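J.: Quick one: the structure is below, and I'll ask about it shortly.
Laboratory data are not the source of any read-out in this text; all were calculated from the coordinates shown. These numbers were taken from a predicted model, which means no experiment stands behind them. Neighbour counts are summed over all protein chains in view; Cβ atoms, including those assigned to glycine, are modelled from backbone coordinates with ideal geometry.
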Amino acid sequence: MDKLANDIFDILELGGRIFKNREVLRYSYIPDTLPHREREIQNIARILITSLAGHTPSNIMIYGMTGTGKTVVSKLLMKALQEKSEMINNSIQKIFFDLDSEFLGDIISNAFSALFNVVDFDEMYGKELANILHKPVKCVYINCQQMDTQYRVMTQIANRLAPFNEDDRLPVSGLPIDEVHSRVLDKFDSSNSLILIILDEIDRLVYKSGDDILYTLTRINEELQRSKVSIIGISNNLNFLDYLDSRVRSSLGAEELVFDPYNANQLRDILDHRSEEAFYSEAIDHEVISHCAAIAAQENGDARKALDLLRVSAELAERDHSPRLSEMYVKQAQKKIETDRVSQVVRTLPLQTKLVLYSILQQKISGRMKTTTKEVVETYSFYASKLDLTVLGRRQVVNLMNELDKLGLIQTKVISFGRHGRTTVVEANVPGADIINNLHNGLLSKLKGIKPRMLYSTTF
Ligand SMILES: Nc1ncnc2c1ncn2[C@@H]1O[C@H](COP(=O)(O)OP(=O)(O)OP(=O)(O)O)[C@@H](O)[C@H]1O
Ligand SMILES: [Mg+2]
């Protein structure tokens, strides 16, 4: 067996010594408890609970920076509310079906038959009645990042409301918007329920398709007969409502909540909690968790970053066949996460911009931490001609450098030399060798091994 096969079978044989349950650290996992969000959960639950008594809860806007638990809290509440509603509904139905006295059963059945003007009071009417006594709560979660037109959002909400058969589903495109509106209204009403719609990343929706849809949704209760709609909007942007029509603003922002970033202690508790389920207890030190929490606390108190750091550290330790997750792996994980993040940004750059970055990085790896616009332009021109590309002029290269600066990949600074004039100093903010390797694996593979001439004498 060769080394690769050996390594793979070693891991399988050991079953890994770090992870007890990998799923627990994935984004899709919703834990049963969310430390340090108890107050927020209580506040939202207090508003939503009216839905269980048949009232329409006020619309809610949730704000907070990235990784503060907005999505996970909403999903947890949505799950709990729906379960509770189903429980109440089932209990009511059970009361009707469980009437074991035939006599009493007949009286009740006859009374309901008369009341509802039906010939036989049977199971179906039992269900109807339960729905009258307790209107079911149905929740629909939409991530507006993925679904960003009025048409798509409306049809998705309607299609997800009930397990309609395929023929009954609204098409994802092709109908005039008026037709969509009336068919959506029909579906909403025929679900005969209290519909809680969660619009996550709601600002994306407005940014891409205006606030018409929010106007429609916040007004829809006036047109519905049997169902009612309530909305939870989630956004990173505290000023999001300012961009909306004043009528939408007052309806959507009827209740507003802000989730604060987590501090290091809170992040440590969150990680501790997840770690108990995710790792074997002997595989992880408490200090490692505190370290990951402290790093993430410095980066805006983002729980996603803290969890990512812990997960990647554990993956690296496991790949190394290490029985313990030590601090060393946290350092490696930090570097890996940063390189992956930058690589992802670099991958999406246009070819000419990639080449300008490449030229700056080539200087960096040859020991010049800082360079000048003039030097970048010359190196770029050298490489562009090697690739038979159109060689852009100085002004265009400077524009591309400004783009790179905006993305945080490089830093440019104007330095004045008094009467000797000014010069722009350029510095790369990203790990040179790793990114160059990535670029060599892509469109710039032809440049592998070609070093630019180092003509420069300026030192900084
Ligand atoms: N209090 C908490 N306890 C446990 N896990 C948490 C907690 N808060 C957040 N998380 C976890 O952190 C990650 C990020 O949380 P979430 O996706 O809810 O953030 P968000 O506020 O919606 O961020 P964004 O604005 O970027 O969408 C998720 O994996 C989530 O499970
Ligand atoms: Mg979110």
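J.: When the Karplus curve 6.51 cos²θ - 1.76 cosθ + 1.60 is applied with θ = phi - 60°, which whole-Hz ³J(HN,Hα) does each residue of region 235-247 get, with x for Gly and Pro?
T.: Those phi angles translate into 8, 7, 9, 4, 9, 3, 5, 4, 7, 9, 4, 4, 5 Hz.
J.: Could I ask something else about it? Translational diffusion coefficient, Stokes-Einstein: compute it for the chain using the Kirkwood radius over C-alpha pairs as Rh, at 4 °C and 1.567 mPa s, and state it as an integer in µm² s⁻¹.
T.: On the way: Rh = 27.1 Å.
The estimated diffusion coefficient comes to 48 µm²/s.
J.: Roughly how many nanometres apart are two label points built 7 Å out from the Cα toward the Cβ at Asp272 and Ser250?
T.: Placing both labels 7 Å beyond Cα along the Cβ direction yields 4.7 nm.
J.: Over the chain, what is the percentage of antiparallel beta bridges among all DSSP beta bridges, to the nearest 5?
T.: Values: 11 of 34 bridges.
So the antiparallel bridges amount to about 30 percent of the total.
J.: Ranked highest first by the average count of other Cβ atoms within 10 Å around their residues, in what order do 76-86, 357-367, 193-203 fall? Kindly include the intermediate steps, with their values, before the conclusion.
T.: Details: 76-86: 16.9, 357-367: 20.5, 193-203: 23.9.
By packing density, highest mean first, the sequence is 193-203, 357-367, 76-86.
J.: Quote the Stokes-Einstein diffusion coefficient, in whole µm² s⁻¹, for region 349-447, based on the Kirkwood radius over alpha carbon pairs, a temperature of 10 °C and a viscosity of 1.306 mPa s. All intermediate terms of the calculation are to be shown ahead of the outcome.
T.: On the way: Rh = 13.6 Å.
In µm²/s, the coefficient rounds to 117.
J.: Kirkwood-based Rg over Rh for region 147-246 (C-alpha set), two decimals? Present the calculation step by step, with values, prior to reporting the outcome.
T.: Details: Rg = 13.5 Å, Rh = 14.1 Å.
Ratio of gyration radius to Kirkwood radius for region 147-246: 0.96.
J.: Can I ask one more? Below 8 Å, C-alpha to C-alpha, sequence gap of six or more: please give me the relative contact order for region 349-447 in percent.
T.: Numbers: 109 pairs, mean separation 34.0, N = 99.
Result for region 349-447 is 34 percent.
J.: Let's see if you can work this out: charge +1 on each Lys and Arg Cβ, -1 on each Asp and Glu Cβ, no other charges. What is the dipole magnitude of region 348-389 about its Cα centre, in debye to the nearest 20? Please report the intermediate quantities before stating the final value.
T.: Details: 6 positive and 3 negative charges, 37 e Å.
The calculation lands at about 180 debye.
J.: Under a plain spin-label model, where a point goes 7 Å from the Cα along Cα-to-Cβ, how far apart in nm are Val345 and Thr56?
T.: Once both label points are built, they end up 4.5 nm from each other.
J.: Roughly what would the spin-label model give for Asp320 and Ser91, points 7 Å off Cα along C-beta, in nm?
T.: Rounded to a tenth, the inter-label distance reads 5.3 nm.
J.: So for region 161-319, averaging the separation of alpha carbon pairs under 8 Å that are six or more residues apart and normalising by length, what relative contact order in percent results? Let's see the in-between values first.
T.: Details: 127 pairs, mean separation 28.5, N = 159.
Relative CO of region 161-319 lands at 18 percent.
J.: Which distance in Å, rounded to a whole number, links the C-alpha centroids of region 395-440 and region 19-97?
T.: 47 Å
J.: Would you list, by chain and number, the lysines whose Cα falls below 18 Å from the Cα of Lys75, excluding same-chain residues fewer than 8 positions away?
T.: Straight-distance partners of Lys75: Lys84, Lys138.
J.: Calculate the FRET efficiency for Asn239 and Arg46 from the Cβ-Cβ distance with a Förster distance of 25 Å, rounded to the nearest 0.05.
T.: Values: r = 26 Å, r/R0 = 1.03.
About 0.45, to the nearest 0.05.
J.: Would you please report the Å³ per residue occupied by the convex hull of the alpha carbon atoms in region 134-195? Walk me through the numbers before you get to the answer.
T.: Values: hull volume 5.1 nm³, N = 62.
Hull volume normalised by residue count: 82 Å³.
J.: Please list, in order, the residues from region 22-56 whose amide nitrogen is less than 14 Å from a point placed 7 Å along the Cα→Cβ vector of Glu83.
T.: Answer for this model: 30-34.
J.: Let me ask something else about it. Arrange the peptides 407-413, 389-395 so that the one whose residues have, on average, the most other Cβ atoms within 10 Å appears first. Please list the in-between numbers first.
T.: Working: 407-413: 16.1, 389-395: 13.1.
Top to bottom by mean Cβ count within 10 Å: 407-413, 389-395.
J.: Can I ask one more? List every residue whose amide H lies under 5 Å from the amide H of Ile198, counting only residues 5 or more places away in sequence or on a different chain, with H placed 1.01 Å from N in the peptide plane.
T.: Amide H neighbours of Ile198, under 5 Å, 5+ apart: Val140, Tyr141, Ile142, Ile232.
J.: Show me, for region 169-177, the HN-Hα J-couplings you get by feeding each phi into the Karplus relation (A = 6.51, B = -1.76, C = 1.60, θ = phi - 60°), rounded to Hz, glycine and proline as x.
T.: 6, 6, x, 6, 7, x, 8, x, 5
J.: So which lysines pass the test for Lys370, namely a Cα distance under 19 Å, with those fewer than 8 places away in the same chain ruled out?
T.: Partners within reach: Lys354, Lys406, Lys413, Lys451.
J.: Could you derive backbone 3J(HN,Hα) for region 250-258 from the dihedral phi with the Karplus parameters 6.51, -1.76 and 1.60 (θ = phi - 60°), listing whole Hz in sequence and x where the residue is Gly or Pro?
T.: After applying 6.51 cos²θ - 1.76 cosθ + 1.60, I find 6, 6, 5, x, 4, 10, 10, 9, 10 Hz.
J.: Next question, about the same structure. Over the chain, what relative contact order in percent results from Cα pairs under 8 Å that are six or more residues apart?
T.: Values: 589 pairs, mean separation 78.6, N = 460.
Computed value for the chain: 17 percent relative contact order.
J.: Between Leu175 and Asn300, take the C-beta separation as r, use R0 = 35 Å, and let me know the FRET efficiency to the nearest 0.05. Don't skip to the end; give the middle numbers.
T.: On the way: r = 43 Å, r/R0 = 1.22.
My answer for the efficiency is 0.25.
J.: Work out how much length Glu338 to His286 would gain on full extension: take 0.36 nm times their residue separation and subtract the Cα-Cα distance, in nm to one decimal.
T.: On the way: separation 52, 0.36 × 52 = 18.72 nm, distance 2.39 nm.
Extra length available between Glu338 and His286 comes to 16.3 nm.
J.: Need the list of lysines near Lys335 for cross-linking: C-alpha distance under 16 angstrom, and skip anything on the same chain fewer than eight residues off.
T.: Lys305
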